[in-house]
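Have a look at the structure below, then the notes.
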Amino acid sequence: MGKLDGRVVVVTGAARGQGEQEARLFRAEGAEVVVADVLDEQGAALAKELGARYVHLDVGEEDQWRSAVSTVKDAFGRIDGLVNNAGILRFNSLVDTPLDEFMQVVRVNQVGCFLGIKTVAPVLEDGGTIVNTASYTAVTGMAAVGTYAATKHAILGLTRVAALELAHRGIRVNAMCPGAVDTAMSNPAQLDPTADVEETSRALDELYRKLVPLGRIGKPEEVARLALFLTSDDSSYITGQPFVIDGGWLAGVSVI
Ligand code: NAD
C-alpha cells in the first residue's frame, strides 16, 4: 500500500531538483503524477522513466494552466493534489533591482502559485491537497534576495487564505519553507556539464557546516518527504501552516 494510492498529483517545476524528487517519491507511493515544467525535454524524459505524464506549463501563464488542467482531467478524470514547486531566484540588492527583474520573479513565484490555486482548486477533488513551496526567506529576511523573499512571504499569505477558503471542501493547503537545498538553484554547477558537482556540493556542505546547526546543506529528497507528508493523510488535521525544513538554521543564533 502506498501513501498516495489512487491519487492524481500535479507537481510544477518537476523536471529537476526538488520537484523531480517529489515526482519520484509520489510515484513510488502509488500516485499518478503529472510532471509540469518549461524544460520539455528533461520533464518528458523524467515522466517516461517514472510512468508519469508530462505537460508543458509556464506557471505564470493562465491559459497554460487551463490547458494543463484540462489535459490532466482528460487523462485521469480527477486531480487530488497540487504541489506548486516551480520557482526562480535572482540576486540583487533592492535598490539595484530593475523593475523588470522584480516582475519576472513575481510572475513565476507568486503569480504562478496564485494561478495554480485559482485554476486547480475548483476541479480538485474534495479532501484534496495543495502544497506551496515557499522558503525560509518567507519567514525571515535575507540580504541580496529581496525580490525572492517578497514573493515567498506572499506565498504564505496565499497559503493561509486558500486554507480558509477551501477548508469547507476538506481541501488542505500548506506551505514548505526549505532552507538551503542542494539543487541547481543553490548549486548552479549542477547545470554545467564540465563542473565537478561532487566538489561543489562538498564546498556547500563546508559553508553550511558553519551556518546550519545540523551542519550540512539539505537534500531535495528530504523536502520531497515533507511534501509527501503534507499531500498524504498523515497530515489530515493540518492546514494553513508553514513548515520550515532548514537543518535548524532559523532556530536561533549560537554564540559559542
Ligand atoms: P531548480 O532550479 O532546480 O528547480 C526549479 C524548477 O522550476 C526547474 O525545473 C525549472 O525549470 C522550473 N521553472 C522555472 N520557471 C518555471 C515556470 N515559469 N514554469 C514552470 N516551471 C518553471 O530549484 P529547486 O531548488 O528544485 O526549486 C524548487 C522550489 O524550491 C522553488 O520554488 C524554490 O524557490 C524553492 N526553494 C529552493 C531552495 C534551494 O536552496 N534550492 C530553498 C528554498 C526554497
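The values are calculated or read from the model by the stated rules, or taken from the named source; none is laboratory data. Because the structure is a prediction, the values reported are computed rather than measured. Every residue, glycine as well, gets a Cβ built from its backbone with ideal geometry; the counts of neighbours run over all protein chains shown. Side chains are part of the model used for accessible areas, which takes the heavy atoms of the whole protein and leaves out ligands, DNA and RNA. Shrake-Rupley method; radii C 1.70, N 1.55, O 1.52, S 1.80 Å.
Within the range 203-214, is there a residue that is under 22 Å from Q110 (Cα atoms) and in contact (Cβ under 8 Å) with a residue 40 or more places away in the chain?
No.
Of V105, V111, V59, which residue is farther than 17 Å from A14 by Cα, of a type in the set (A, V, I, L, M), crowded, with 21+ Cβ neighbours inside 10 Å and within 14 Å of the ligand (Cβ to nearest atom)? Can you show your working first?
Working: V111 fails: crowded, with 21+ Cβ neighbours inside 10 Å; V59 fails: farther than 17 Å from A14 by Cα.
Matching residue, one of V105, V111, V59: V105.
Give just the number: which of (1) over 18 Å from L89 (Cβ atoms); (2) within 16 Å of the ligand (Cβ to nearest atom); (3) open to solvent by less than 60 Å² (accessible area, probe 1.4 Å) does M176 not satisfy?
(1)
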